[in-house]
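First comes the structure, then the notes that go with it.
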Ligand SMILES: Cc1ncc(COP(=O)(O)O)c(C=O)c1O
């Protein structure tokens, strides 16, 4: 047996891997209630039996073969139609099918980033994107957001200051404009227009990562950032994870055709799985998506309402802006309460939540320590009641400790 821990046998790792933990955290107890992940509600996963049969019989020569690298032509065409029905016009050659949105984000990074490049993210930002960006050796520039989304005036000032100081202009701004993960905020149309204008003026790209766009419970949809882009500066990232099922692992990215062509050459997976792509095409062609989206909206709205009501009752100290869609609530605990400690104690008591600290990209800048993200997407109503009860008990324990420490 080779001892990989001994210095003689230790291979030299790439910089992107050297700083990573050498083992994965233990899985939480299966009896724990999971408010941490953006998993789908099991009852809302579509029955794809018919689509699978078609994919594996009539379409077998296609689905068990290597797929075209850009994605199945039929799926690209369906994505073009879907986006057009949502007000965003793209041509098929502007669409690249990927293994989910995260893969699309990584491909954009492969296209645009060299080590040392700067990128802009919001405070807070989608935590799973942070290690992807970090693995490209980027410098993070953080920009705040408010109830209207990313603060574009602040971004303009920050970029002007950087230019004055002779620092690199960022390659792109990454943002989740619809039901932001984790805050739930939707960026206003005015801010979206300002952002694309600034992108055109200063020459940076925008990544519009919008998995929750259709998971809207109330209010009116805002035009996508891509639909407002007159300068070919926006990459729009979509996914079937929240539209249909995350296990399908199919998403897409749209952008300028010449850049998508380069991205296709950087995609080294032999083409995304044609079997799942065909299943999705059959589902869309059968016209099942609109009714399914309606069911998704009804389900997650009920979950959101149950979670908001339970938190109001059990944790009245926790502040939140109730989002009009998406999967998450972003809680602000009273100043001085350590949310990381609340999450740890909650885990011991059988409910898993994520501390807000996970959602801030810069490790060398101060961030508030009193936020929690709770997902209402996956839990049943009984689990929501019980999970919030356990979370509130954990919160009270930690808050009492914080109060005792402040008077002693
Ligand atoms: C903002 C955001 N982007 C991307 C993803 C991942 O999507 P996919 O499953 O398509 O990789 C998620 C999932 O939680 C998300 O919240």
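The values are calculated or read from the model by the stated rules, or taken from the named source; none is laboratory data. These numbers come from a predicted model, not from an experiment. Ideal geometry is used to build each Cβ from the backbone, glycine not excepted, and the neighbour counts take in all protein chains shown.
Some observations on this one:
- The residues of segment 216-241 that are assigned to a loop (DSSP other than H, G, I, E, B) and surrounded by 23 or more Cβ atoms within 10 Å (Cβ to Cβ), listed by number, are 225, 229, 233, 240.
- Test: residue in segment 326-345 that is modelled with pLDDT under 95 and touching a helix residue (DSSP H, G or I) at 6+ places or on another chain (Cβ under 6 Å): yes
- When 251, 255 are checked against the criterion of being crowded, with 19+ Cβ neighbours inside 10 Å and more than 14 Å from the ligand (Cβ to nearest atom), a single residue qualifies: 255.
- Complete set of residues in segment 146-178 that are part of a strand (DSSP E or B) and out of contact with any helix residue (DSSP H, G or I) (no Cβ under 9 Å at 6 or more places or on another chain): 146
- Residue-level check: of (1) in contact (Cβ under 8 Å) with a residue 40 or more places away in the chain; (2) within 18 Å of the chain's Cα centre (by Cα); (3) within 30 Å of residue 73 (Cα to Cα), residue 106 misses just (1).
- Scan of segment 245-285 for residues that are assigned to a loop (DSSP other than H, G, I, E, B) and farther than 17 Å from residue 80 by Cα, ordered by number: 245, 249, 267, 268, 269, 270, 271, 272, 273
- Among the criteria (1) in contact with a helix residue (DSSP H, G or I) (Cβ under 7 Å, 6 or more places away or on another chain); (2) more than 11 Å from the ligand (Cβ to nearest atom); (3) farther than 30 Å from residue 157 by Cα, the one residue 231 does not fulfil is (3).
- Filter result (farther than 17 Å from residue 360 by Cα, exposed (fewer than 15 other Cβ atoms within 10 Å of the Cβ) and under 19 Å from the mean Cα position of the chain (by Cα)) within segment 134-158: 147
- Unmet requirement for residue 277, which otherwise passes all of (1) more than 16 Å from the ligand (Cβ to nearest atom); (2) in contact (Cβ under 8 Å) with a residue 40 or more places away in the chain: (1)
- Which listed residue, of 390, 396, is over 24 Å from the mean Cα position of the chain (by Cα), surrounded by 18 or more Cβ atoms within 10 Å (Cβ to Cβ) and part of a helix (DSSP H, G or I): 390
- The residues of segment 85-102 that are within 12 Å of the ligand (Cβ to nearest atom), in a helix (DSSP H, G or I) and surrounded by fewer than 22 Cβ atoms within 10 Å (Cβ to Cβ) amount to a single one, 102.
- Residue in segment 199-206 that is at pLDDT 95 or above, in a loop (DSSP other than H, G, I, E, B) and within 16 Å of the ligand (Cβ to nearest atom) present: no
- Residue 195 being crowded, with 23+ Cβ neighbours inside 10 Å, within 22 Å of residue 109 (Cα to Cα) and within 16 Å of the ligand (Cβ to nearest atom): no
- Within the set 322, 374, the sole residue that is touching a residue at least 12 places away in the same chain (Cβ under 8 Å), in contact with a helix residue (DSSP H, G or I) (Cβ under 8 Å, 6 or more places away or on another chain) and crowded, with 20+ Cβ neighbours inside 10 Å turns out to be 374.
- Going through (1) more than 16 Å from the ligand (Cβ to nearest atom); (2) in a loop (DSSP other than H, G, I, E, B); (3) without any contact (Cβ under 8 Å) to a residue 60 or more places away in the chain one by one, residue 143 falls short only on (2).
- Reported count of residues in segment 106-122, each being out of contact with any helix residue (DSSP H, G or I) (no Cβ under 6 Å at 6 or more places or on another chain) and within 15 Å of the ligand (Cβ to nearest atom), is 4.
- Among residues of segment 30-76, those that are under 30 Å from residue 389 (Cβ atoms) and either part of a helix (DSSP H, G or I) or within 16 Å of the ligand (Cβ to nearest atom) (or both), counted: 12
- Residues of segment 115-133 satisfying the condition of being closer than 13 Å to residue 207 by Cβ and within 15 Å of the chain's Cα centre (by Cα): 121, 122, 125, 126, 129, 132, 133
- Meets criteria (closer than 26 Å to residue 36 by Cβ, touching a residue at least 12 places away in the same chain (Cβ under 8 Å) and not in a loop (DSSP other than H, G, I, E, B)) for residue 133: yes
- You will find that of 294, 286, the residue that is at pLDDT 95 or above, surrounded by fewer than 14 Cβ atoms within 10 Å (Cβ to Cβ), in contact with a helix residue (DSSP H, G or I) (Cβ under 9 Å, 6 or more places away or on another chain) and closer than 30 Å to residue 52 by Cα is 286 and no other.
- The lone criterion from (1) out of contact with any helix residue (DSSP H, G or I) (no Cβ under 9 Å at 6 or more places or on another chain); (2) within 16 Å of the ligand (Cβ to nearest atom); (3) more than 30 Å from residue 390 (Cα to Cα) left unmet by residue 246 is number (3).
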